[in-house]
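Rule-based calculations on the coordinates, nothing more; no lab input. In this text, all values refer to a predicted model and were calculated from it rather than measured experimentally. Cβ placement follows ideal geometry from the backbone for every residue including glycine, while neighbour counts extend to all protein chains displayed.
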Amino acid sequence: MAAGAQASKESVRHTVAAADRERPLVTWLDIAFLIYYYPLRWVLAILGSRVLDLVQFCAEPLGRVLQRGDLRIAERGMTKLLEVAPEQARAMARQCCANRVRTSLWELLPDEHAPGARPVRIEGREHLEQALQPGRGAVLVALHCLAKREARAGLQRAGIEYLPLIHLTKSHVNDRDPRYAGYGRLLWRFARSRLHPMLWTKMSGYVARMDPDAVLKIMGILRDGGLVMVSPDVGGTSSVQPVRFLNSLRGMSTGSLDIARLTGCPLIPMWVWRSGNQCVVEFHEPLRVCFDGGEETRESNVRVLIEAMERQLRAHPEQWELWDQRVLGES
Amino acid sequence: MMDGLQNLWERLERVIAGALGAEVSCVELRQAARLDDLVALDSVALLEFTIGVEREFSIRIENQRLNRDFMTDLPALVAYLSQLPT
């Protein structure tokens, strides 16, 4: 076992070293990151989150330039999967880009300034309160929305705490992560260790999907009357099945249905979006799923889950975080 | 005492058959160190097994014991179940 672990460490070290050699020492992305991380972060810290709107206004054009590749992919994905006119897709993709800029800026704010942020607007809270019973929590079903961390911080301030189930690899910043493809050795060696702690301190407390105990931790939280948030719109778990989602066939995690079936907890859709610069969180009635039948019932439950997510995505396509995934735009 | 233990293994065998749909004999269970040596145990199967154990023995396993290591360590699990008041 120990020899196996050592071999695995060696293999990781070897892979990282090989990737290191292929990278230039510094790229413009490294420099942008350093500007982004140090001066801008501290300017924001001094001025507080109230200036976020102004900073966003200034940073948006730059964001569009930096994200032009992703913007095109998002536009193609929207045209194809939502079946909208190219002009409409372009407008939505630009909105999506603006959202990403805001998300990036929000994540740059040091934690102590977050309480000064605009409060999150909560709609449908009664659905959540009705669903929660003593000894039984609820599973929140959410899409990967750009404002998810902002929403979580806002909900925490409003007294609604939940643990998100997130996709986090052991060394989260890895070679396969396309976000780091353009960075040079400067970032790879020096700044990457700072980037993720910065992002994830905004999300202290989570259950990682690859944690072998994840499902049992979720069980413990739910039976203590807690809330767990899952985002089934990506794969990455053992319970992925191919489904038709937005006019395409893709792998989607159906583990939330299994958790609901086994724990008896309701699945409550939680949709997050930004209306202007206001973050809105909307809770809906529990999904009408039934666990009495066999395979047929399972398929119909998957359909219910997919339809709920599709409805939300069609209503707020510019809020989805995953448009820039090549698999969506180019498959 | 031995009868009691035998009974526990048989009940675990029932849980595995019911929750995981796997045919594993009592003898195989006793010989195995870990449950995942005998059956493929993905996260959903682990949850099914844990809930199956709780239902079969009418217990609530404490949160600190809710981890894969403990739930698949058959001798430790049986030792834990044998200490529960009947």
Give the order of A:Ser256, A:Ser300 when sorted by the count of other beta carbons within 10 angstrom, beginning with the fewest. A:Ser300, A:Ser256
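What is the fewest-to-most order of A:Ser248, B:Ser58 by other Cβ atoms lying within 10 Å of their Cβ?
Ascending Cβ contact count within 10 Å gives the list B:Ser58, A:Ser248.
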Amide H to amide H under 5 Å from A:Met210: which residues, 5+ apart in sequence or cross-chain, H placed 1.01 Å off N in plane? A:Leu168
When Cβ neighbours within 10 Å are restricted to other protein chains, what is their mean count per residue of peptide A:257-270? 2
Expressed as a whole number, the average count of other chain Cβ atoms within 10 Å around the Cβ atoms of A:208-219 is 5
Sorted by chain and then number, the residues having a modelled amide H within less than 5 Å of the amide H of A:Met229, at least 5 places away or on another chain, are A:Leu140, A:Leu163, A:Leu165
If R₀ is 51 angstrom, what is the calculated FRET efficiency for the pair A:Glu22 and A:Arg157, using the beta carbon separation as r and rounding to 0.05? 0.70
Return an integer: the convex hull volume of the alpha-carbon atoms of segment B:2-82, in Å³ per residue. 82 Å³
A:Arg125: net charge of surrounding residues, Cβ under 13 Å, Lys/Arg +1, Asp/Glu -1, itself excluded? -4
In which sequence would A:Val281, B:Val15 go, from the one with the fewest C-beta neighbours within 10 Å to the one with the most? B:Val15, A:Val281
